[in-house]
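Below is one structure, written out as structure tokens; the observations come after it.
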Amino acid sequence: MYLQKRNRTLRQSQSVRSLVAETNLTSNDFIVPLFIDEGQNLQTEISSMPNYYRRSLDLTVNEVKELWSLGLKSVLLFIKCKDELKDNKGTEALNPGGLMQRSIKAIKDAVPEMLVMTDIALDPFSSYGHDGIVEGKEIVNDATVEVLAKMSVSHAQAGADFVAPSDMMDGRIGAIRKALEENGFTKTGIMSYSAKYASCFYGPFRDALDSAPGFGDKKTYQMDYHNRIEAIKETIMDVEEGADIVMVKPALSYLDVIREVKNAVHVPVSCYNISGEYAMIKAAAKMGWIDEDKAIIETLTSMKRAGADLIATYFAKDAVRLLNEK
């Protein structure tokens, strides 16, 4: 039998496979989520996220210095608000001396070139654990958007390079862009969580920040996981309102959506390799069912192959180590 074309020719050795690989991961692809708490010299492992920590600001700064030395260039900040500071108006979110604002300043002072992105949502500051202001049993949209716009300006004043609205309120990107422009922050970017789904995989993250909703769920504002076309509509609207980067979250169960979004827009596309996805790999590896290192790289590569230009992931440090060992 005569074969005109033997496809296995391009698979015969690691050198050949590396040479013709269509998708390659680098440290430039990763955004590192960081959880920050009040206190000094405090490091608490998150029980549902083995080997991932919530740190006080002093130790967070040390961590950021290490990340920069590894070639990781972007962090995404989340803070744990004290219960006594939580209310239904997001008051602490606007505090110029709040933990988020202090964290931004400290990180930019310590590593000026590190790209600092900040979470914009009310759930860490809400006495109800929801991403918006609650009236009765409803999470109200427009009043929440007003607070989110002020929150974004507060983060920009502290030195944030990008604000990252994760709330899924309608119209918030346009309102945030307008507020930033009117306050002179023309260089502050917006990375919008454009297609954020109401997912069962967020549990460990909510453990990290004690931000689970106090009643009901988030399905009236986060997206229905049955829907794909809706994600494209949401994303295009965010781009039209002024988003510089768009995000799909979660990642692993939504690779098809990442690809659809990548095909539909002409801005960088990010995805969030979320806490439940991290925890599943950690748990399976602990049981000896999978090779953790191989699973990390294969999973992250699948996200980039699907179309993600940037990946927010708790595996960033591990991935850089593994890529450097190749």
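A few notes on this one:
- Farthest toward positive dipole pole in region 100-196 [+1 Lys/Arg, -1 Asp/Glu at C-beta], among 139, 179, 107: 107
- Dipole of region 1-124, positive direction: furthest Cα of 23, 79, 61, with charges on the beta-carbon: 23
- Quotient of C-alpha Rg and 2.2 N^0.38 Å, computed over region 1-107: 1.73
- Under a Gaussian network description of the chain, with springs only between Cα atoms under 10 Å, the residue in 271, 81, 200 that fluctuates furthest is 200.
- Spatial extent of region 177-273: Rg and Dmax, with the Cα atoms as the point set, Å: 14.6, 40
- Crossing angle, helix 172-182 versus the chain [Cα axis fit, 0-90 degrees, rounded to tens]: 70
- Taking all Cα pairs closer than 8 Å and separated by 6 or more residues, the relative contact order of region 52-126 comes to 44 percent.
- Principal axes of region 230-285: Cα extent on each, largest first, Å: 42, 18, 16
- For q = 0.16, 0.19, 0.20, 0.22 Å⁻¹, Debye-computed log10 I/I(0) when each Cα of region 47-153 counts as one equal scatterer: -0.78, -0.99, -1.05, -1.17
- Cα long-axis angle, helix 99-110 against the chain (0 to 90 degrees, to the nearest 10): 50
- Here the simple spin-label model places points 7 Å from the Cα toward Cβ, and for residue 142 and residue 324 these points are separated by 5.3 nm.
- Chain lengthening between residue 227 and residue 95 when straightened (0.36 nm per residue, less Cα-Cα): 43.8 nm
- Student exercise, region 84-168 dipole from Lys, Arg, Asp, Glu Cβ charges, in Debye to nearest 20: 260
- Shape of region 132-235, Cα gyration tensor, a/c cut at 1.5: prolate
- Surface composition of the chain: carbon and sulfur atoms hold 50% of the protein heavy-atom accessible area at a 1.4 Å probe.
- Ellipsoid equivalent to the chain - semi-axes via the Cα gyration tensor, in Å: 33, 23, 20
- Working note: Cα atoms of region 255-298, range along each principal axis, descending, whole Å: 41, 17, 15.
- Calculated P(r) tail over 18 Å for region 235-326, as whole % of Cα pairs: 47
- Charged side chains reduced to their Cβ positions (Lys and Arg at +1, Asp and Glu at -1) give region 15-133 a dipole of some 200 debye around its Cα centre.
- The residues of region 242-326 present an accessible area of 41 Å² per residue when probed at 1.4 Å with all protein chains retained.
- Percentage relative contact order, region 250-326, counting C-alpha pairs under 8 Å, at least six apart: 41
- A run of the chain free of exposed loop cleavage sites, with chymotrypsin sites (Phe, Trp or Tyr not before Pro) counted only in DSSP states other than H, G, I, E and B and at most 12 other beta carbons within 10 Å, reaches its longest extent at 3-214.
- Over region 94-220, relative contact order from alpha-carbon pairs under 8 Å, at least 6 apart, %: 27
- Its Cα centre serving as origin, the chain has a Cβ charge dipole (Lys and Arg +1, Asp and Glu -1) of approximately 1340 debye.
- Length added when fully stretched, residue 15-residue 187, from 0.36 nm per residue minus Cα-Cα: 57.7 nm
- Cβ-based net charge around residue 38, under 9 Å, with every Lys or Arg adding one and every Asp or Glu removing one: +1
The values are calculated or read from the model by the stated rules, or taken from the named source; none is laboratory data. Given the structure is predicted, the values throughout are model-derived calculations rather than measurements. Every residue, glycine among them, receives a Cβ derived from its backbone with ideal geometry; neighbour counts consider all protein chains shown. Quick note on the areas: whole protein, heavy atoms, side chains included, nothing else; ligands and nucleic acids left out. Shrake-Rupley method; radii C 1.70, N 1.55, O 1.52, S 1.80 Å.
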